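A.B. asks: First, the structure itself, so that you have it in front of you.
The values are calculated or read from the model by the stated rules, or taken from the named source; none is laboratory data. Because the structure is predicted, anything quoted here is derived from the model rather than measured. We place every Cβ from the backbone using ideal geometry, glycine too, and count neighbours over all the protein chains shown.
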Amino acid sequence: MADLVVELLVVEDCPHTEQARADLQNALRKGIIEVPIQLIFVSSLEDAAFLDFHGSPTIRVNGQDVVPDPGLPVGLACRLYRDGAGQVLGSPPIEAIRAAIDAARRGKLEAFQREEAAKVAAFAREAEAAEASAGSEDVPREG
């Protein structure tokens, strides 16, 4: 989807950047349209606060953290994750990345389908109104 925005936020020299990027690229390959990954280096606490950055690496899809954890403080520290089996990971679990991308794509598809259905319904109403208007003009008038 062209409207999919994918960000990888990291601190410089983060040892998990390449793993996070590889997992993200792997998850994105599922789609038909290539989606660029915006690599964002966070270098100060001011930037971290502005970006609501809770540690490196962080992956966001359409502005949403793929592993939201509102309890994490803003900062330039390493961020640790847990997979479904509870194992500690240095980057977001691939399942969480895939789920976030799939949800974003599904949301875009559903929005497109709603827009198209609304267009069809509006066209049908206009056609009905035009038919009703034309039908009333064909009625012979007594005079």
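A.B. asks: From the set of residues in the stretch 5-20 that are of a type in the set (D, E, K, R) and touching a residue at least 24 places away in the same chain (Cβ under 8 Å), which is farthest from residue 104 (Cα to Cα)?
C.D. replies: Per the stated criteria, the residue is 12.
A.B. asks: Count, please, the residues in the stretch 78-137 that happen to be modelled with pLDDT under 75, more than 22 Å from the chain's Cα centre (by Cα) and either acidic (Asp, Glu) or closer than 28 Å to residue 15 by Cβ (or both).
C.D. replies: Summing the residues that are modelled with pLDDT under 75, more than 22 Å from the chain's Cα centre (by Cα) and either acidic (Asp, Glu) or closer than 28 Å to residue 15 by Cβ (or both) in the stretch 78-137 gives 1.
A.B. asks: Can you tell me which residues in the stretch 58-79 are among the acidic types (Asp, Glu) and surrounded by 20 or more Cβ atoms within 10 Å (Cβ to Cβ)?
C.D. replies: Scanning the stretch 58-79 gives a single hit, 65.
A.B. asks: Also, quick follow-up: I'd like to know if the stretch 45-57 contains one or more residues that are exposed (fewer than 15 other Cβ atoms within 10 Å of the Cβ), of a type in the set (Gly, Ala, Ser) and touching a residue at least 24 places away in the same chain (Cβ under 8 Å).
C.D. replies: Within the stretch 45-57, one or more residues are exposed (fewer than 15 other Cβ atoms within 10 Å of the Cβ), of a type in the set (Gly, Ala, Ser) and touching a residue at least 24 places away in the same chain (Cβ under 8 Å).
A.B. asks: Let me ask something additional. Select from the stretch 19-38 the residues that are surrounded by 12 or more Cβ atoms within 10 Å (Cβ to Cβ) and not basic (Lys, Arg) and list them in ascending order.
C.D. replies: 19, 20, 22, 23, 24, 25, 26, 27, 28, 31, 35, 37 - these are the residues of the stretch 19-38 that are surrounded by 12 or more Cβ atoms within 10 Å (Cβ to Cβ) and not basic (Lys, Arg).
A.B. asks: Being touching an Asp or Glu at 6+ places or on another chain (Cβ under 6 Å) and part of a helix (DSSP H, G or I) is the filter here; which residues of the stretch 56-96 pass it?
C.D. replies: Within the stretch 56-96, just 94 meets the criteria.
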